[in-house]
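Undergrad: Quick one: this structure, given as structure tokens, is what I'll be asking you about.
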Amino acid sequence: MPVLFNEAKEHDELKQPYLETLMQYAPESVAGLVYDPGWTQSSAYIDHLVKEGLFDPQEALRAKAFQFNGYYCVLALPSLVATKRKHPIFISQKGFDVMKDESYFLSSLLDHEAFHTDDLANGIHTGSVIIDSSNVHALRLKALICIMERRAYKNQIAHLADRGISDKSFMKWLSWHLEDYASLSLPDPKTELEQQLGF
Ligand SMILES: [Zn+2]
């Protein structure tokens, strides 16, 4: 019998087996869905990226501290954009607790977090420009993350109806995050690419 969301939410030992059942719905770009209470596995992954020379050690320390606030974690770095690598998605206990039922959980995981892994693996195809390894370094990390979040929240909102979610407060919560990223402006001087992307 496959593990159900509510069982996984209740019982810690069922969380990883439940996540395995979702891999069939995840796009190619997802390396794994990893239950990570305490963020130990994502920290190990960060160390691995540092060793590979893909993550600046100082930035890596900051990323580790930042993660403790999150529900889910996909590591987004300029050095990972459009490299065709697959990316793990880390899920905290809060990531289960905060979601009312499976549709909300799938919305967050597959319509938002997996959208990040697609952007990272394939490059970021906005209407006007493609961000890949040739131009990503013209973006500050904040700009890169902001673009990725705008796109993921838009995608998540666009698929709420498909997930059977009509909860206005969830929609509002997502829209609030989206507006936050949409209104973010960066201090000057801005690169040409940052200007092109509306910062
Ligand atoms: Zn996100």
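Read the figures in this text as sums done on the coordinates, not as results from a lab. Just so we're clear, the structure is a prediction, and the values are computed from it rather than from any experiment. Cβ coordinates were reconstructed from backbone atoms using ideal geometry, including for glycine residues, and neighbour counts include every protein chain displayed.
Undergrad: If amide H atoms are built 1.01 Å from N in the plane of the peptide, which residues on other chains or at least 5 residues away come under 5 Å of the amide H of Ala31?
TA: Distant-sequence amide H within range of Ala31: His87, Ile89.
Undergrad: Per-residue HN-Hα couplings for region 144-154, Karplus 6.51 cos²θ - 1.76 cosθ + 1.60 at θ = phi - 60°, whole Hz, x for Gly and Pro?
TA: 4, 5, 4, 4, 5, 5, 4, 5, 5, 5, 4
Undergrad: Follow-up. In sequence order, what are the phi-derived ³J(HN,Hα) couplings for region 158-171 according to the Karplus relation 6.51 cos²θ - 1.76 cosθ + 1.60 with θ = phi - 60°, rounded to whole Hz, with x for glycine and proline?
TA: 5, 9, 4, 5, 4, 7, x, 9, 10, 4, 5, 6, 5, 4
Undergrad: Work from the charge dipole of the chain (Cβ charges, +1 for Lys and Arg, -1 for Asp and Glu, about the Cα centre) and give the residue of Tyr104, His48, Trp173 farthest towards its positive end.
TA: Result: Trp173.
Undergrad: Work out the length of the dipole vector of region 17-77 about its Cα centre, built from +1 on the beta-carbon of each Lys and Arg and -1 on the beta-carbon of each Asp and Glu, and round it to the nearest 20 debye. Mind dumping the intermediate values first?
TA: Numbers: 3 positive and 7 negative charges, 33 e Å.
Its charge dipole is roughly 160 debye.
Undergrad: Place a +1 charge on the Cβ of each Lys and Arg in the chain and a -1 charge on the Cβ of each Asp and Glu, then give the dipole magnitude about the Cα centre in debye, rounded to the nearest 20. Can you show the working numbers first?
TA: Working: 19 positive and 27 negative charges, 71 e Å.
Charge dipole of the chain: 340 debye, to the nearest 20.
Undergrad: A further question follows. What list of ³J(HN,Hα) values in whole Hz, one per residue of region 80-86 in order, does the Karplus curve 6.51 cos²θ - 1.76 cosθ + 1.60 (θ = phi - 60°) give from phi, with Gly and Pro shown as x?
TA: 9, 6, 6, 9, 6, 6, 8
Undergrad: Can you give me the C-alpha center-to-center distance between region 1-19 and region 154-199, rounded to a whole angstrom?
TA: Rounded to whole Å, the Cα centres lie 31 Å apart.
Undergrad: Mean-square fluctuation check for the chain, GNM, Cα pairs under 10 Å: which of Glu102, Glu52, Glu13 is largest?
TA: Answer for the Gaussian network model of the chain: Glu52.
Undergrad: Using the alpha-carbon atoms, what tilt in degrees (0 to 90, nearest 10) does helix 57-67 show relative to the longest principal axis of the chain?
TA: Helix 57-67 sits at roughly 40 degrees to that axis.
Undergrad: Over all Cα pairs of region 5-196, how is the pair count split among 10 Å bins, expressed in % and running from 0 up to the last occupied bin?
TA: Final binned percentages: 8, 35, 38, 16, 2, 0.
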